[in-house]
Amino acid sequence: MLFLSQLIGQPVRDRDGGAFGKVRDLIVALGETYPPVTGLVVRVAGGRDIFLPWTAVDQVDESGARLHTSSIDITSFRQRPNEIRLWLDLQDKQIVDVEGRKIVRVNDIQLAPVEGNLRLVAVDVGLAGILRRLGISGPGERLARAMRIEPENYIEWEDVDPVESSVSSLKLRVPHGALATLHPADVAHIVEQLAPRDRTGILAALDDERAADVLEELEADDQVDILEDLPPEKAADILEEMGPDEAADLVADLSEERQRELLGLMEPEEASDVRELLAYGEETAGGLMTTDFLTISPEHTAQDVIDMLRERHPSADQVYYLYVTEPDGTLAGTITLRGLIVASPETRVRDFMRPDPISVTVDVDAEQAGAAIARYNLLALPVVDADGKMQGIVTVDDAFERALGEGWRRRLPEIFEPAEEH
């Protein structure tokens with residue numbers, strides 16, 4: 001095994017043994033599980049950096065590099081989009097340990113010869129990497145073990161995701177692919193440990209749906225900071241993936257200029273839902289509700305409703321109850337999933353719905369809405385206007401969040417939504 005710190009600063013010699021420069025950095029091409037070294041950056045006389053392709057290298061070890069040619073191309077080094085410089089871009093940078101689900105710092109980089117090539121295989125995040133760079137690896141490790149400290153801690157490259165902007169801004173083949181395998185709450189925990197610019201970089205690299213899930217797990221102040229810093233189009237796309245109530249709560253905390261900008265970039269239907277919710281007072285049922293709910297006609301059959309659910313793939317929040325409305329939008333009743341399942345397929349909704357459901361008007365105090373949910377053991381509470389027309393629902397989790405404060409979901413298990421949906 002060879003470590004990057006052992007190679008940096010060592011001489012580079014031509015075929016005849018003449019030294020003409022020193023190893024400045026190693027270049028790897030991303031895209032494979034263990035990326036290959038594609039060349040060396042060599043500092044030559046005059047302080048200039050040149051690039052030597054790996055095909056010109058005959059041997060590389062702790063003593064430096066030897067070429068199999070004496071003909072040197074002195075073209076200045078230019079980095080390509082899919083490449084990173086190990087010393088400049090990765091050494092001493094923060095990365096995500098995907099297995100440990102935490103942020104760690106790279107102390108050294110482990111390389112290994114594989115079929116005539118040198119490949120990046122692991123990063124050293126332990127004490128051993130620091131001791132090696134200080135030149136006291138042997139005695140330092142013995143002392144550490146005597147103190148019952150394990151100096152070695154390596155993370156295989158396939159379990160690594162770079163997060164600092166100097167690395168994550170590069171055009172990776174699958175940006176932050178490892179992070180995409182973690183639960184949104186775990187990604188949020190990682191994001192909270194990062195500097196502001198790196199937080200934004202992570203959210204920008206995730207797909208819109210995943211970014212929305214992660215954003216919803218963060219504290220309100222962090223949500224606002226990230227949304228203010230993201231490119232406008234990306235921020236608007238993330239808002240579209242959030243529930244209307246979550247999006248409205250977040251947009252309400254943005255600057256007025258940013259609000260107008262993002263709402264103008266959102267799809268008209270999603271933007272309209274958010275604007276509608278922003279019009280209600282924060283302490284009212286209207287301000288707490290979401291417009292993301294399902295309505296059905298009393299004339300539908302049970303089979304009609306089941307077919308609709310299969311077609312729409314609703315979220316967990318949307319199927320606590322289904323709301324039965326008359327043609328003019330007036331709330332007539334509710335049905336539960338249990339009621340739907342046990343009903344005969346040809347039975348009309350009107351014949352098995354629960355008529356006159358508990359509801360509140362949009363201007364009712366949010367605390368009263370939460371009290372109604374608790375009193376009647378509801379998973380969601382319909383919200384209507386003065387004419388009894390359906391406007392939205394207050395879900396039990398939104399009522400809990402208001403009562404218990406932000407972050408309550410992190411302290412309680414997810415009851416209604418299975419983890420695999422994330």
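Just so you know, all these numbers are worked out from the coordinates, no wet-lab data involved. Quick caveat, the model's predicted, so the values are computed rather than measured. Using ideal geometry, Cβ is built from the backbone for each residue, glycine included, and neighbour counts are taken over all protein chains shown.
Across the range 187-235, counting alpha-carbon atoms alone, Rg and Dmax equal 9.3, 25 Å. Pick from LEU67, LEU262, LEU250 the residue whose mean-square fluctuation is largest in a GNM of the chain, springs joining Cα atoms under 10 Å. Maximum among the listed residues: LEU67.
Springs join every pair of Cα atoms under 10 Å in this Gaussian network model of the chain, and among THR361, THR55, THR325 the largest mean-square fluctuation is at THR55.
Mind checking the range 307-380 for GluC sites (Glu not before Pro) that DSSP puts in a loop (not H, G, I, E or B) and that have at most 15 other Cβ atoms within 10 Å?
GLU346
Quick check: residue separation of ARG375 and GLU267 times 0.36 nm, minus the Cα distance between them. What number comes out in nm?
Values: separation 108, 0.36 × 108 = 38.88 nm, distance 3.78 nm.
So the chain would gain 35.1 nm between ARG375 and GLU267.
Taking only the alpha carbons of the range 1-139, we obtain Rg and Dmax values of 15.2, 49 Å in that order.
Mean separation of Cα pairs under 8 Å and 6 or more residues apart, divided by the residue count, gives the range 1-141 a relative contact order of 24 percent.
Here the Debye sum runs over all C-alpha atoms of the chain as equal scatterers in vacuum, and log10 of I(q)/I(0) at q = 0.08, 0.14, 0.15 Å⁻¹ comes out as -0.61, -1.19, -1.31. Toward the positive end of the charge dipole of the chain, with +1 on the Cβ of Lys and Arg and -1 on the Cβ of Asp and Glu, the farthest Cα among TRP54, PRO231, TYR323 is that of TRP54. Principal semi-axes of the equivalent ellipsoid, √(5λ) from the alpha carbon gyration tensor of the range 223-334, are 31, 16, 11 Å from largest down. Between ARG199, ARG310, ARG66, the residue with the greatest mean-square fluctuation in the GNM of the chain (Cα pairs under 10 Å linked by springs) is ARG310. The ellipsoid that matches the Cα gyration tensor of the range 295-411 has semi-axes, each √(5λ) in whole angstrom, of 26, 17, 11, with the longest given first.
Counting only C-alpha contacts under 8 Å and six or more residues apart, can you give the relative contact order of the chain as a whole percent? Dividing the mean separation by the residue count of the chain yields 9 percent. Estimated from the Cβ-Cβ distance and a Förster radius of 56 angstrom, the FRET efficiency linking ARG348 and LEU278 is about 0.90. Students often forget the sequence filter, so: which aspartates and glutamates lie under 12 Å Cα-Cα from LYS102 once same-chain residues fewer than 8 apart are removed? Of all the aspartates and glutamates, those that pass the test against LYS102 - Cα under 12 Å, at least 8 places apart if same chain - are ASP159, ASP161, ASP186, GLU192.
Listed by Cβ neighbour count within 10 Å, with the fewest neighbours leading, HIS68, HIS300 appear as HIS68, HIS300.
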